[in-house]
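S.K.: Just passing along the structure, written as structure tokens.
Computed from the coordinates by the stated procedures, all read-outs in this text should not be read as laboratory data. What you see is a predicted model; the values in this text were computed from it and never measured. When we count neighbours, we look across all protein chains shown, and the Cβ atoms used for this are built from the backbone with ideal geometry, even at glycine.
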Amino acid sequence: MKLCIIGTGYVGLVTGVCFSDLGNNVICVDNNINKIQNLKKGIIPIYEPGLEELVKKNYKENRLNFTTNLKFAVNNSNIIFICVGTPTKKNSYSADLNQLYNVVKSIRNYINKFKVIVTKSTVPLTTGDHIDKIISQKKSKNLFSVVSNPEFLREGEAIRDFMYPDRIVIGTNNIRANNILKNLYDPIIKRGIKYLNTSRRGAELIKYASNAFLATKISYINEIANLCEKTGVNIEDVSIGMGLDQRIGSRFLRPGPAFGGSCFPKDTRAILSTAKKFKTNLSIIKSTIKSNEQRHGILLDKIKKILKNKIKNKKITFLGVTFKPNTDDMRESSSLKLIPKLHKSGAVISYYDPSGIKNNFQKYKNVNFVDKISTACKNSDLIILHTEWNEFKNLNFTKLVKKKNFAIYDMRNVYSHKRMLVNKINYFGIGR
Ligand code: UDX
């Protein structure tokens, strides 16, 4: 099939590359000429395991192409995926749909035969209706169909999530469009993956409701972990015990720092904004956002307690600063809140992250990137394991740290408490 993917950000690139790998002809479009030129050379703007190899392979085999020419791309495709960003508007909870509507207004000029126009970008409920209206102003209804097909890709696992998803959700009442998309996804459906055809608004809401639910699940376990710390219960027992109930499920019950990333914070805010528009009170999601915002304060209090209220001039090491492992993404990472606060209290901070130095911390005098775990830990008073990259999972801290009374705050519960006790390390986890 002939596809055009508009927007070569995270979602667009993964979608385009994976569909081309499934044998389709894919043209990826972006208005950033540098990005397009780089992609043609196999230079990928983001860090995602496996992506570079697939880009190079499919580009070489001529199934995947890159262009800035939207007209050419739309003219030569049957299915158009809109994958542009929908960030939170400044000083507001709602999603900024400017990029999306600009793309829609351009596409409508280039519709020359029947096109399925799919929103992959996470868009608020009723956006599909607006897109439909905008295109109908210029083109006859039988020349296009607007469909919602939300993505459920986790950063760091995106290729796998695309090829082996839990479900494929297609929001349309148009039989022709549904058949075209069912055909497109057929190689994935054949692996036994569930294909759900629902209304367009239904698909839009499934995406937000899923992300808000997962965010709530994380905040829930984070709060239960707070209670565990006060009562001497091990959160891991609680997560396992809860997860064994199939109605609850074991995933997303790992406590940690505040949840971050490009989706959960943005999507929880956006669904609240939609609910407000429709005069509905989503009080649980409101609480999730509040709970997540308060999480930084709770972690900072714990750090203060570990350092016996003496943060000034203490050497604190962050192992990992990204919001999760296997990505270089810093968006809404809790390190962006924790590090400046500790710096303000006089701590001297070193950080090491496998994805490299971060611009976010350049402005702080006493926050420095080091390119080795050993250098980062050597003179540390407190090591904060913030992101669970694999290379942090088997460290010998007694050898790495030269100071005597150093402490470890393992925000991802990577290490065994018992092993740390045996080695007489001053060790703290979350909810343990
Ligand atoms: C998420 C959704 O999982 C994906 O389906 C969606 O479409 C995009 O948003 P992503 O943001 O890449 O994916 O990361 P995810 O693995 O879901 O983690 C999000 C945040 O939750 C991270 O900060 C992570 O550390 C945190 N998290 C996740 C926990 O603290 N505990 C958990 O048990 C799981």
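S.K.: For residue 122, what charge total do you get from the other residues with a beta carbon under 10 Å from its beta carbon, if Lys and Arg give +1 and Asp and Glu give -1? Mind showing how you got there, number by number?
M.R.: Working: positive: 120, 207, 266; negative: 151, 204, 267.
Overall, the nearby charge balance is 0.
S.K.: Test of the criteria: in the stretch 244-278, which chymotrypsin sites (Phe, Trp or Tyr not before Pro) are in a DSSP loop and have at most 11 other Cβ atoms within 10 angstrom of their Cβ?
M.R.: Numbers: sites: 252, 259, 278; in loops: 252, 259, 278.
The qualifying sites are 278.
S.K.: Scaled to the compact-protein estimate 2.2 N^0.38 Å, what is the alpha-carbon radius of gyration of the stretch 56-107, rounded to two decimal places?
M.R.: Numbers: Rg = 14.8 Å, N = 52, 2.2 N^0.38 = 9.9 Å.
After normalising by residue count via 2.2 N^0.38 Å, the value is 1.50.
S.K.: In addition: Angle between the Cα long axis of helix 175-184 and the longest principal axis of the chain, 0 to 90 degrees, nearest 10?
M.R.: 60
S.K.: If the only charges are +1 at each Lys and Arg Cβ and -1 at each Asp and Glu Cβ, what is the size of the charge dipole of the chain around the Cα centre, to the nearest 20 debye?
M.R.: Working: 72 positive and 33 negative charges, 195 e Å.
Approximately 940 debye in magnitude.
S.K.: Still on this structure, I have one more. Output the peptides 135-147, 414-426 sorted from most to least packed, where packing is the average of other Cβ atoms within 10 Å over each peptide's residues.
M.R.: Values: 135-147: 16.5, 414-426: 13.5.
Result, highest mean Cβ count within 10 Å first: 135-147, 414-426.
S.K.: Further question: Roughly how many whole Å is it from the C-alpha centroid of the stretch 174-223 to that of the stretch 370-421?
M.R.: The stretch 174-223 and the stretch 370-421 have Cα centres separated by 39 Å.
S.K.: Tell me which of 206, 177, 193 sits at the most positive position along the dipole axis of the stretch 143-279, charges placed on C-beta atoms (Lys, Arg +1; Asp, Glu -1).
M.R.: Of 206, 177, 193, it is 177.
S.K.: Using the alpha-carbon atoms, what tilt in degrees (0 to 90, nearest 10) does helix 283-306 show relative to the longest principal axis of the chain?
M.R.: 30
S.K.: Report the far tail of the P(r) of the stretch 236-362, meaning the percent of Cα-Cα pairs longer than 17 Å.
M.R.: Values: 5390 of 8001 pairs.
The calculated P(r) of the stretch 236-362 puts 67 percent of pairs beyond 17 Å.
S.K.: Additional query: Using the Cβ atoms and a cut-off under 9 Å, what net charge is assigned to the surroundings of residue 207, where Lys and Arg are +1 and Asp and Glu are -1?
M.R.: -3
S.K.: What is the distance in Å between the Cα centroid of the stretch 22-52 and that of the stretch 240-271?
M.R.: 31
S.K.: Can you give the percent of C-alpha pairs in the stretch 270-319 whose distance is more than 17 Å? Don't skip to the end; give the middle numbers.
M.R.: Values: 681 of 1225 pairs.
Tail of the P(r) past 17 Å holds 56 percent of the pairs.
S.K.: Continuing with this model, one more query. Can you give the calculated 222 nm mean residue ellipticity of the chain, where each DSSP H run of n ≥ 4 adds -39,500 (n - 2.57) and the sum is split over every residue, rounded to the nearest 500 deg cm²/dmol? List each step's numbers first, then the result.
M.R.: Values: 17 runs with 183 residues, N = 432.
The per-residue figure over the chain is -12500 deg cm²/dmol.
S.K.: Within 13 Å, Cβ to Cβ, of residue 182, how many net charges do the neighbouring residues add up to if Lys/Arg are +1 and Asp/Glu are -1? List each step's numbers first, then the result.
M.R.: Values: positive: 176, 190, 194; negative: 186.
Local charge sum for residue 182: +2.
S.K.: Which of the trypsin sites (Lys or Arg not before Pro) found in the stretch 17-126 are loop residues per DSSP with 12 or fewer other Cβ atoms within 10 Å of their Cβ?
M.R.: Working: sites: 35, 40, 41, 56, 57, 60, 63, 71, 89, 90, 105, 108, 113, 115, 120; in loops: 41, 63, 89, 90, 113, 120.
Those satisfying the criteria are 41, 90, 113.
S.K.: Using the Cα centre as the reference, give the magnitude of the dipole from point charges on the C-beta atoms of the stretch 3-158 (Lys, Arg: +1; Asp, Glu: -1; all else neutral), rounded to the nearest 20 debye. It would help to have the intermediate numbers written out before the result.
M.R.: Details: 20 positive and 12 negative charges, 150 e Å.
Dipole of the stretch 3-158, to the nearest 20 debye: 720 debye.
S.K.: Over all distinct Cα pairs, what is the inverse of the mean 1/r for the chain, reported as the Kirkwood hydrodynamic radius in Å?
M.R.: On the way: mean 1/r = 0.0427 Å⁻¹.
Roughly 23.4 Å, rounded to one decimal.
S.K.: Can you find, among 354, 285, 313, the residue farthest towards the positive end of the dipole of the stretch 208-360? Put +1 on the C-beta of Lys and Arg, -1 on that of Asp and Glu.
M.R.: Most positive-ward Cα: 313.
S.K.: Quick one: of 60/207; 312/378; 341/393; 2/141; 2/324, which pairs are farther than 28 Å apart, Cα to Cα? List each step's numbers first, then the result.
M.R.: Working: 60/207 34 Å; 312/378 19 Å; 341/393 26 Å; 2/141 21 Å; 2/324 34 Å.
Listed pairs above 28 Å: 60/207; 2/324.
S.K.: Now a separate question. In the stretch 299-342, what trypsin sites (Lys or Arg not before Pro) fall in a loop by DSSP, with at most 13 other Cβ atoms inside 10 Å?
M.R.: Values: sites: 302, 304, 305, 308, 310, 312, 314, 315, 331, 337, 341; in loops: 308, 310, 312, 314, 331.
Counting only loop positions with at most 13 other Cβ atoms within 10 Å, the trypsin sites (Lys or Arg not before Pro) in the stretch 299-342 are 308, 310, 312.
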